[in-house]
Amino acid sequence: VTRPAVPVLDRAALGLAPPEAARQGMYLLRPARGHPDATVVLQGSEVAYAFITEALPLLATEGLEVEAFYVASAELFDRLSEETRRRLYPEERARAALGITGFTLPTLERWLRSERGRAATLHPFRRGRYLGSGPPERLLEEAGLDGRSQYEAIKWYASGS
(Lines give C-alpha, C1' and ligand atoms only; values in the text may rest on other atoms or scores of the structure.)
Protein backbone atom coordinates (compact mmCIF):
# COMPACT_ATOMS: atom_id res chain seq x y z
CA VAL A 1 0.00 0.00 0.00
CA THR A 2 1.38 3.37 -0.93
CA ARG A 3 0.39 6.94 -0.21
CA PRO A 4 -1.72 8.49 -2.98
CA ALA A 5 0.91 11.02 -4.10
CA VAL A 6 3.77 8.52 -4.03
CA PRO A 7 4.31 6.50 -7.21
CA VAL A 8 4.53 2.74 -6.91
CA LEU A 9 8.02 1.74 -7.98
CA ASP A 10 8.71 -1.20 -10.25
CA ARG A 11 10.83 -3.00 -7.67
CA ALA A 12 11.90 -5.82 -10.00
CA ALA A 13 13.02 -3.42 -12.74
CA LEU A 14 15.02 -1.41 -10.18
CA GLY A 15 16.69 -4.51 -8.74
CA LEU A 16 14.96 -4.09 -5.37
CA ALA A 17 13.79 -6.79 -2.98
CA PRO A 18 10.11 -7.69 -3.21
CA PRO A 19 7.74 -6.08 -0.68
CA GLU A 20 7.34 -9.41 1.12
CA ALA A 21 10.90 -9.02 2.42
CA ALA A 22 9.55 -6.44 4.90
CA ARG A 23 8.16 -9.35 6.96
CA GLN A 24 11.71 -9.95 8.19
CA GLY A 25 11.86 -6.48 9.74
CA MET A 26 15.15 -5.63 8.07
CA TYR A 27 16.26 -6.76 4.65
CA LEU A 28 18.66 -6.19 1.81
CA LEU A 29 16.70 -3.70 -0.28
CA ARG A 30 19.24 -3.57 -3.07
CA PRO A 31 22.43 -5.59 -3.34
CA ALA A 32 25.56 -4.06 -4.77
CA ARG A 33 26.50 -5.27 -8.22
CA GLY A 34 29.97 -6.41 -7.28
CA HIS A 35 31.97 -5.34 -4.24
CA PRO A 36 30.13 -2.52 -2.42
CA ASP A 37 31.84 0.85 -2.14
CA ALA A 38 29.43 1.71 0.67
CA THR A 39 26.74 0.10 2.79
CA VAL A 40 23.69 2.17 3.67
CA VAL A 41 20.95 1.42 6.19
CA LEU A 42 17.72 3.24 5.36
CA GLN A 43 14.87 3.81 7.81
CA GLY A 44 11.69 5.55 6.69
CA SER A 45 9.88 5.43 3.38
CA GLU A 46 10.61 9.10 2.64
CA VAL A 47 14.39 8.61 2.73
CA ALA A 48 14.12 5.28 0.92
CA TYR A 49 12.22 6.88 -1.97
CA ALA A 50 14.75 9.70 -2.18
CA PHE A 51 17.56 7.15 -2.15
CA ILE A 52 16.02 4.96 -4.86
CA THR A 53 14.77 7.70 -7.17
CA GLU A 54 17.44 10.38 -6.73
CA ALA A 55 20.61 9.25 -4.92
CA LEU A 56 21.02 5.84 -6.54
CA PRO A 57 21.00 7.12 -10.14
CA LEU A 58 23.57 9.79 -9.20
CA LEU A 59 25.77 7.19 -7.49
CA ALA A 60 25.51 4.98 -10.59
CA THR A 61 26.84 7.80 -12.79
CA GLU A 62 29.89 7.90 -10.49
CA GLY A 63 30.29 4.13 -10.77
CA LEU A 64 29.73 3.70 -7.02
CA GLU A 65 28.21 0.42 -5.87
CA VAL A 66 26.00 0.68 -2.82
CA GLU A 67 24.50 -2.13 -0.79
CA ALA A 68 21.29 -0.81 0.75
CA PHE A 69 19.43 -2.33 3.69
CA TYR A 70 15.99 -1.21 4.80
CA VAL A 71 14.66 -1.26 8.37
CA ALA A 72 10.92 -1.90 8.23
CA SER A 73 10.46 -3.03 11.85
CA ALA A 74 13.11 -3.66 14.50
CA GLU A 75 10.50 -5.62 16.45
CA LEU A 76 9.93 -8.09 13.60
CA PHE A 77 13.68 -8.44 13.10
CA ASP A 78 14.15 -9.17 16.82
CA ARG A 79 11.66 -12.05 16.60
CA LEU A 80 13.90 -13.89 14.14
CA SER A 81 16.46 -16.41 15.29
CA GLU A 82 19.96 -15.11 15.91
CA GLU A 83 21.22 -17.18 12.98
CA THR A 84 18.64 -15.64 10.64
CA ARG A 85 19.39 -12.11 11.87
CA ARG A 86 23.13 -12.63 11.23
CA ARG A 87 22.43 -14.00 7.77
CA LEU A 88 20.13 -11.09 6.86
CA TYR A 89 22.44 -8.42 8.25
CA PRO A 90 26.01 -9.67 8.63
CA GLU A 91 28.30 -8.05 11.20
CA GLU A 92 30.70 -7.15 8.37
CA ARG A 93 28.03 -4.94 6.78
CA ALA A 94 27.12 -3.35 10.13
CA ARG A 95 30.76 -2.35 10.64
CA ALA A 96 30.81 -0.75 7.17
CA ALA A 97 27.43 1.01 7.23
CA LEU A 98 26.27 4.56 7.48
CA GLY A 99 22.61 5.29 8.05
CA ILE A 100 19.92 7.54 6.64
CA THR A 101 16.76 7.96 8.66
CA GLY A 102 13.73 10.19 8.77
CA PHE A 103 13.35 9.22 12.43
CA THR A 104 15.75 9.90 15.29
CA LEU A 105 19.39 8.89 15.37
CA PRO A 106 18.96 6.56 18.39
CA THR A 107 16.46 4.41 16.45
CA LEU A 108 19.13 3.72 13.84
CA GLU A 109 22.28 3.38 15.96
CA ARG A 110 21.81 -0.32 16.69
CA TRP A 111 22.41 -1.07 13.01
CA LEU A 112 25.70 0.85 12.81
CA ARG A 113 28.82 -0.68 14.36
CA SER A 114 31.41 1.99 13.68
CA GLU A 115 31.93 5.48 15.03
CA ARG A 116 32.62 6.69 11.51
CA GLY A 117 29.33 5.24 10.26
CA ARG A 118 27.39 6.81 13.13
CA ALA A 119 29.07 10.18 12.62
CA ALA A 120 28.22 10.12 8.90
CA THR A 121 24.58 9.15 9.43
CA LEU A 122 21.93 11.52 8.11
CA HIS A 123 18.94 12.25 10.37
CA PRO A 124 16.47 15.13 10.76
CA PHE A 125 18.17 16.74 13.77
CA ARG A 126 21.69 16.54 12.31
CA ARG A 127 21.81 20.30 11.81
CA GLY A 128 20.87 20.87 15.46
CA ARG A 129 17.38 22.22 15.01
CA TYR A 130 13.87 21.04 14.39
CA LEU A 131 12.46 21.28 10.89
CA GLY A 132 9.90 23.82 9.76
CA SER A 133 6.74 22.83 7.97
CA GLY A 134 5.89 22.59 4.33
CA PRO A 135 5.83 20.17 1.41
CA PRO A 136 7.62 16.87 2.12
CA GLU A 137 10.24 17.46 -0.59
CA ARG A 138 11.17 20.80 0.96
CA LEU A 139 11.45 19.29 4.45
CA LEU A 140 13.73 16.52 3.17
CA GLU A 141 15.93 19.16 1.59
CA GLU A 142 15.92 21.29 4.75
CA ALA A 143 16.94 18.23 6.80
CA GLY A 144 19.65 17.21 4.32
CA LEU A 145 17.80 13.95 3.62
CA ASP A 146 16.90 14.59 -0.02
CA GLY A 147 18.45 12.49 -2.77
CA ARG A 148 21.18 15.00 -3.65
CA SER A 149 22.26 15.26 0.01
CA GLN A 150 22.21 11.47 0.35
CA TYR A 151 24.32 11.16 -2.78
CA GLU A 152 26.90 13.64 -1.46
CA ALA A 153 27.07 11.91 1.95
CA ILE A 154 27.42 8.42 0.47
CA LYS A 155 30.01 9.59 -2.06
CA TRP A 156 32.04 11.21 0.73
CA TYR A 157 31.70 8.11 2.93
CA ALA A 158 32.77 5.78 0.10
CA SER A 159 35.86 7.91 -0.53
CA GLY A 160 37.11 7.16 2.98
CA SER A 161 37.49 10.86 3.81
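Quick notes
- Range of Cα positions in the range 1-99 per principal axis (Å), largest first: 36, 34, 21
- Estimated 222 nm signal from helices in the chain, with DSSP H stretches of n ≥ 4 weighted -39500 (n - 2.57), rounded to 500: -9500 deg cm²/dmol
- Difference of contour (0.36 nm per residue) and Cα-Cα distance, Glu142 to Asp78: 19.8 nm
- Derived scalar couplings ³J(HN,Hα) [the range 25-32; Karplus, 6.51 cos²θ - 1.76 cosθ + 1.60; whole Hz; x for Gly, Pro]: x, 9, 7, 6, 5, 8, x, 5
- Between the amide H of Ala97 and those of Arg113, distances stay under 5 Å, these residues lying 5 or more places away or on another chain, with hydrogens modeled in the peptide plane.
- Ordering of 30-39, 77-86 by packing [mean C-beta count within 10 Å, highest first]: 30-39, 77-86
- Carbon plus sulfur fraction of accessible area for the range 1-155, probe 1.4 Å, in percent: 54
- Gain on full extension, evaluated as 0.36 nm per residue between Leu14 and Glu152 minus their Cα-Cα distance, stands at 47.6 nm.
- Each of the peptides 113-120, 10-17, 100-107, 66-73 was scored by the mean count of other Cβ atoms within 10 Å over its residues; in descending order, highest first, they stand as 66-73, 100-107, 113-120, 10-17.
- Accessible surface calculations at 1.4 Å, restricted to protein heavy atoms, place the range 59-142 at 60 Å² per residue.
- Distant-in-sequence amide H partners of Ser73 (H built 1.01 Å from N, under 5 Å): Gly25, Met26
- The range 79-161 - charge dipole about Cα centre, Lys and Arg +1 at Cβ, Asp and Glu -1, debye rounded to 20: 200
- Net charge, Leu131 excluded, C-beta distance under 15 Å - Lys, Arg +1, Asp, Glu -1: -1
- Amide hydrogen neighbours beyond the local backbone of Leu29, cut-off 5 Å, H modeled: Ala68, Phe69, Tyr70
- Stokes-Einstein translational diffusion, the range 38-161 - Kirkwood Rh over all Cα pairs, 1.002 mPa s, 20 °C, in µm²/s: 145
- Its residue count N fixes a reference of 2.2 N^0.38 Å for the range 1-46, and the Cα radius of gyration divided by that reference is 1.27.
- Charged neighbours of Glu65, selected by a Cβ distance under 14 Å, balance to +1 (K, R count +1; D, E count -1).
- Check: the range 12-123 dipole with +1 on Lys, Arg Cβ and -1 on Asp, Glu Cβ, in debye: 200
The values are calculated or read from the model by the stated rules, or taken from the named source; none is laboratory data. Bear in mind the structure is a predicted one, so any value in this text is a computation, not a measurement. Virtual Cβ from ideal backbone geometry, glycine too; neighbours counted across all protein chains shown. In case anyone asks, the SASA skips ligands and DNA or RNA and just uses the protein heavy atoms, side chains included. Shrake-Rupley method; radii C 1.70, N 1.55, O 1.52, S 1.80 Å.
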